[in-house]
Amino acid sequence: MTNPVKEIFSGEAPFPAAPGTREVPPPAALAAKVRTLSPSMTRSMQRVAEAVADDPAGCAALTVTGLAELTGTSEATVVRTARLLGYPGYRDLRLALAGLAAHQESGRAPALTTDIAVDDPIGDVVAKLAYDEQQTLADTAAGLDTVQLGAAVAAAATARRIDIYGVGASSLVGMDLAQKLLRIGLIAHAHSDPHLAVTNAVQLRSGDVAVAITHSGSTGDVIEPLRVAFDRGATTIAITGRPDGPVSQYADHILTTSTARESELRPAAMSSRTSQLLVVDCLFIGVAQRTYESAAPALAASYEALAHRHSPRTR
């Protein structure tokens, strides 16, 4: 008989979380970072970001002056854009561009358009959605800062209590995280009612953790309880597609999700939920690894308690 606990995790594998360090994004993460951060950039920085994403090979051959001239911006703008994308300087960005260009020239299949038309056959809808979900997950994984994730895991693993805030589609993700944490023996509550979220946040203190889930980074009903938790001394975590949004003011740790393109038949709530669930799963597994000695028995007990509900009843 297989052990369901061992199937989920088999020991501790800490995230690389060197304090005060920031990982340079790998080449594959560049396009994802551009998609995520472009909406919050100035127009001149957007021109630089779009240029390097559209033609990595061509831009990799340019000096900082050449890229500035190509995009009609300044050298300072090019350097600021490189740093915003996660690279210490333009030289590091050029190396990433060269790597991305090599990856694109290795024979990868051309991208499938995911625009869904109202008269698309259902088979095409399935193919387009499947591709878009895969791209969203890949972008989120490529852009996720593992140093920030490791710090969030460490805080949650030792928390006295974990409160999670989210509304709309994000509330479903919050409930998913809460029930996972409960099953490994942690005290976790998800709040979708903004009044209850604030009244619970007031009870938090140092040693507690508050998690805000907001794709836009500007959802007031989520930001308010996070601010209260922050003021009370709790460690705060934001899961958001806009790392520079208002929610970041009250977040000790920011976990960035992909910002996939929205369309008429595919609202943002669908793609944001997909990327949020990946981040939530990463957070949960990290916590489960760090608390394995207590998490494994708790998870086994929850499986045993529910086993009779998943098998035919005997008379």
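The values are calculated or read from the model by the stated rules, or taken from the named source; none is laboratory data. This structure is a prediction, so every number in the text was calculated from the model and none was measured. Every residue, glycine among them, receives a Cβ derived from its backbone with ideal geometry; neighbour counts consider all protein chains shown. Surface accessibility is based on the protein's heavy atoms, side chains included, excluding ligands, DNA and RNA. Shrake-Rupley method; radii C 1.70, N 1.55, O 1.52, S 1.80 Å.
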Taking r as the C-beta separation of ARG43 and ASP124 and R0 as 35 Å, the FRET efficiency to the nearest 0.05 is 0.50
Per residue, how much accessible surface does segment 194-308 expose to a 1.4 Å probe? Answer in Å², no decimals. 42 Å²
Expressed to two decimals, segment 130-226 has a Cα Rg over Rh, using the Kirkwood radius, of 0.99
For segment 160-202, what class follows from the C-alpha gyration tensor (a ≥ b ≥ c being the square roots of its eigenvalues): rounded when a/c is under 1.5, otherwise prolate if a/b is larger than b/c, else oblate? oblate
Which of the peptides 142-151, 232-241 is most tightly packed, and how do the rest follow, going by the mean number of other Cβ atoms within 10 Å of each residue? 232-241, 142-151
I'd like to compare 86-94, 167-175: which one has the highest average count of other Cβ atoms within 10 Å, and what's the full order after that? 167-175, 86-94
When only DSSP loop residues count, what trypsin sites (Lys or Arg not before Pro) in segment 139-183 have their Cβ near at most 16 other Cβ atoms within 10 Å? ARG160
